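Visitor: Mind looking over this structure? Questions follow.
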Amino acid sequence: MAISDADFSVYLEELCEFLRIPSVSTDPKCASSVREAAEWVKSALKRAGFSRVERLETDGFPVVYAEWLEKPDRPTVLFYGHYDVQPPEPLHLWQSPAFEPVVRDGQLVARGVSDDKGQIFCHFKALERLFRKTGELPVNIKILIEGEEEIGSPSLAKFIESHRELLSADLLVVSDTPMFARNQPSVCTSLRGLVYFQIDVRTANSDLHSGQHGGAVPNAIQVLVEILSQLKDEKGRILIPGFYDDVIDYGLDQLNFDEAAYQDALGCTGLVGEEGYTALERRWYRPTLDINGIQGGYTGEGAKTVITCEAFAKLSCRLVANQDPLKVAKQVEAYLNSLAPAYASVTVQNLTAGHEAGAVRVDSDDVGVQAALKALESVWGVKPVLQGEGGSIPVLTTFQKLLGLSPVLMGLNLPEDKIHAPNEQFSLVNFKKGILVAETFYQAI
Ligand code: BES
Ligand code: ZN
C-alpha cells in the first residue's frame, strides 16, 4: 500500500515534466504546448499500462482517451480530467517561474499543479501501481482527458455526442475540486454553473478634451459604471428580473466553518453577500454576479484630461440548480440592454454562447460517492464530510444529459492551493495521499 520514497521521487519528477509544458488553452501562443501536453498524457497512460491509448481530435484541442475493459462482469469507471491550465499572469507575483516546478515548504509549486495536472496524475499513478502489482485492474476503466476545460470545454459536448458508445460507463469520477480543509477530506456534492459576458459602451466617435466638451457630452466610463451600479441592491440581491425564479433551496450548510479565519486568511477586512446566508452558502448554494474586469479611458502615468468614448467590462454569473444557463443569459442581456441610456450605444455579448455551464448536484447515496468516502477515510484516517463548491466544470452537465452519468467529485487538493493565481501549489502530503486514495477507490468500487 505505502509508497516508497524511491517511487515517490520518480513520481515527483514525472509530474514536474508535465508541469513544464505551458498548456495554456486560452493563449493562442501556447497552442503547440497544449498539443504537447496531450502527447505527454498519452505516453504517461501508455507507461501506466494501458494498451489502448489514443489522441482523438475535436474541433479544438485533442482529447486523450485510454481504456482497459478486461473484466466484463465488473462495472466500468470513466475518469475525466483536463491537461490544460490557466494563464500564469501576473508573472511578477510568482516566487519562481510558473512553468519551472519547485518544491518549497512541502509544496510543489507550478501553474496547473493542483488544477488539474497533479490531481489527474494521482489517478494515473494509482492505476499504474495496480497494473504493476496484479497485472490487471480491479474494474474496467475509461479515461478521458481534455485540453479545453479552462476555456469552458467548447468542443467537448459535440465530441461526447459523437462518441457516446465509446464513453459509456457505469460511473464518472472527477478529481478537479478541493477537499474541505487540510486533514479534512470530503466529497463534493454540488458545483455551480457559469455564464460570462462582455458589455461594451460607446458614447461618441472619438475621445474628447474634457475642458472643451466636458459637461455636455456623455462619458462612456460614467455610463458603464452607472449600469454596473444597478446590478445588485444594498442587500446583495441581484436585480436582474427573473434571475432567482428557478433557484432551489439547497438546505442549510451544516459544516463547521470559521468565517473570521477565512476573512483573515484572504486579507479581507470584511465579507459581503446576500443577506441571510452564511459565507459557505453564498459560495456554494447561491447564484452570484461578478464584475471580472473593467477597462476604459486613461490609466497611464500622470494625468490626462479626457472624456472617453468607449469602455467595457467583463461580467459573469455563477449559477445554481435549477437555473437554466441559457434562460439566465437572456435575462442578463435583456436587463443590461434595458439600462442603456438613449445617448449611449451598449452592446452585450455572451462569451459562453453555445457552451454555457449548468450547475451540478450529486446524490450522496450514489455508490460512487460511498466508495469515495470509504477510500478517503481509509487513507486519511479521518471521517470525510460532504461539501458543496462554487466553481464550475462545464462539461459535467453534458455527461449527465448524454451518458446519464452523475460525477463522483473526489477532490484531492486543498482550498489554499491558489488555483488560477500566482504560486499555485499542491501539497506533497496530498499528492502522496491522493495516489493512495485513487488506488483504494478503484479497489473499493
Ligand atoms: N478546477 C476548477 C473548478 C473548481 C474550482 C471547482 C474551485 C471547485 C472549486 C476548474 O478547472 C475551473 O477553474 N473551471 C472554470 C471553468 C470556466 C473557465 C468555464 C471556473 O470555474 O471558473
Ligand atoms: Zn481551473
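The values are calculated or read from the model by the stated rules, or taken from the named source; none is laboratory data. On a predicted model such as this, the values are computed, not experimentally measured, just so you know. All Cβ positions, even for glycine, are placed from backbone atoms using ideal geometry, and neighbour counts span all protein chains on display.
Visitor: Do the conditions hold for Val408, that is, is it assigned to a strand (DSSP E or B), in contact (Cβ under 8 Å) with a residue 24 or more places away in the chain and of a type outside the set (Asp, Glu)? Reasoning before the result, please.
Guide: Working: assigned to a strand (DSSP E or B): yes; in contact (Cβ under 8 Å) with a residue 24 or more places away in the chain: yes; of a type outside the set (Asp, Glu): yes.
Against the criterion (assigned to a strand (DSSP E or B), in contact (Cβ under 8 Å) with a residue 24 or more places away in the chain and of a type outside the set (Asp, Glu)), Val408 qualifies.
Visitor: Continuing with this model, one more query. Among the residues of region 402-416, write down those that are more than 13 Å from ligand 1 (Cβ to nearest atom) and either of a type in the set (Val, Ile, Thr) or in contact with a Gly (Cβ under 9 Å, 6 or more places away or on another chain) (or both).
Guide: At the first step, the residues of region 402-416 found to be more than 13 Å from ligand 1 (Cβ to nearest atom) are 402-406, 408.
The answer is Ser406, Val408.
Visitor: Please go through region 352-376 and give me each residue that is buried (at least 16 other Cβ atoms within 10 Å of the Cβ), in contact with a strand residue (DSSP E or B) (Cβ under 8 Å, 6 or more places away or on another chain) and in a loop (DSSP other than H, G, I, E, B), ordered by number.
Guide: Within region 352-376, Thr352, Glu356, Gly358, Ala359, Val362, Asp366 qualify.
Visitor: So, one more: So Leu412 fits all but one of (1) surrounded by 22 or more Cβ atoms within 10 Å (Cβ to Cβ); (2) within 15 Å of ligand 2 (Cβ to nearest atom); (3) over 17 Å from Leu376 (Cα atoms); what number is the exception?
Guide: It is condition (3) that Leu412 fails.
Visitor: Has region 163-174 got any residue that is more than 12 Å from ligand 1 (Cβ to nearest atom) and over 27 Å from Ala48 (Cβ atoms)?
Guide: Of all residues in region 163-174, those more than 12 Å from ligand 1 (Cβ to nearest atom) come to 163-173.
Filter once more, keeping what is over 27 Å from Ala48 (Cβ atoms): none.
No: region 163-174 contains no residue that is more than 12 Å from ligand 1 (Cβ to nearest atom) and over 27 Å from Ala48 (Cβ atoms).
Visitor: Could you list, ordered by first residue, the pairs with Cβ atoms under 7 Å in which the first is in region 427-442 and under 14 Å from Gln119 (Cβ atoms) and in a helix (DSSP H, G or I) and the second is modelled with pLDDT under 95 and hydrophobic (A, V, I, L, M, F, W, C), at least 6 apart or interchain?
Guide: Leu436/Met1
Visitor: In addition: Restricting the search to region 133-156, which residues are in contact with a Gly (Cβ under 6 Å, 6 or more places away or on another chain), more than 11 Å from ligand 1 (Cβ to nearest atom) and farther than 15 Å from Val174 by Cα?
Guide: Across region 133-156, the qualifying residue is only Ser155.
Visitor: Considering Ser43, Ser51, which residue is within 30 Å of Ala6 (Cβ to Cβ) and modelled with pLDDT under 95? Let's see the steps before the verdict.
Guide: Numbers: Ser43 fails: modelled with pLDDT under 95.
Going through Ser43, Ser51 in turn, the sole match is Ser51.
Visitor: Residues in region 330-344: is at least one in contact with a strand residue (DSSP E or B) (Cβ under 6 Å, 6 or more places away or on another chain), modelled with pLDDT of 95 or more and hydroxyl-bearing (Ser, Thr, Tyr)?
Guide: No: region 330-344 contains no residue that is in contact with a strand residue (DSSP E or B) (Cβ under 6 Å, 6 or more places away or on another chain), modelled with pLDDT of 95 or more and hydroxyl-bearing (Ser, Thr, Tyr).
Visitor: Considering only region 387-401, how many residues are more than 16 Å from ligand 2 (Cβ to nearest atom) and crowded, with 17+ Cβ neighbours inside 10 Å?
Guide: Result for region 387-401: 6.
Visitor: Given the structure, is Val102 of a type in the set (Val, Ile, Thr), without any contact (Cβ under 8 Å) to a residue 60 or more places away in the chain and either away from ligand 1 (no atom under 15 Å from the Cβ) or closer than 22 Å to Asn430 by Cα (or both)?
Guide: For Val102, the condition - of a type in the set (Val, Ile, Thr), without any contact (Cβ under 8 Å) to a residue 60 or more places away in the chain and either away from ligand 1 (no atom under 15 Å from the Cβ) or closer than 22 Å to Asn430 by Cα (or both) - is met.
Visitor: Now for a separate question. Would you pick out the residues in region 149-191 that are among the charged types (D, E, K, R), farther than 30 Å from Ser378 by Cβ and in contact (Cβ under 8 Å) with a residue 12 or more places away in the chain? Step through it out loud before you land on a result.
Guide: Step one: of region 149-191, the residues among the charged types (D, E, K, R) are 149-150, 158, 161, 164-165, 170, 176, 182.
Next, only the ones that are farther than 30 Å from Ser378 by Cβ stay: 150, 158, 161, 164-165.
Matches in region 149-191: Glu150, Lys158, Glu161, Arg164.
Visitor: From the residues in region 128-162 that are hydroxyl-bearing (Ser, Thr, Tyr) and in contact with an Asp or Glu (Cβ under 7 Å, 6 or more places away or on another chain), which one is farthest from ligand 2 (Cβ to nearest atom)? Give the derivation first.
Guide: Quick first cut of region 128-162, residues hydroxyl-bearing (Ser, Thr, Tyr) only: 134, 153, 155, 162.
Checking which are in contact with an Asp or Glu (Cβ under 7 Å, 6 or more places away or on another chain) leaves us with 153, 155.
Details: Ser153: 11, Ser155: 17 Å.
Among them, the one singled out is Ser155.
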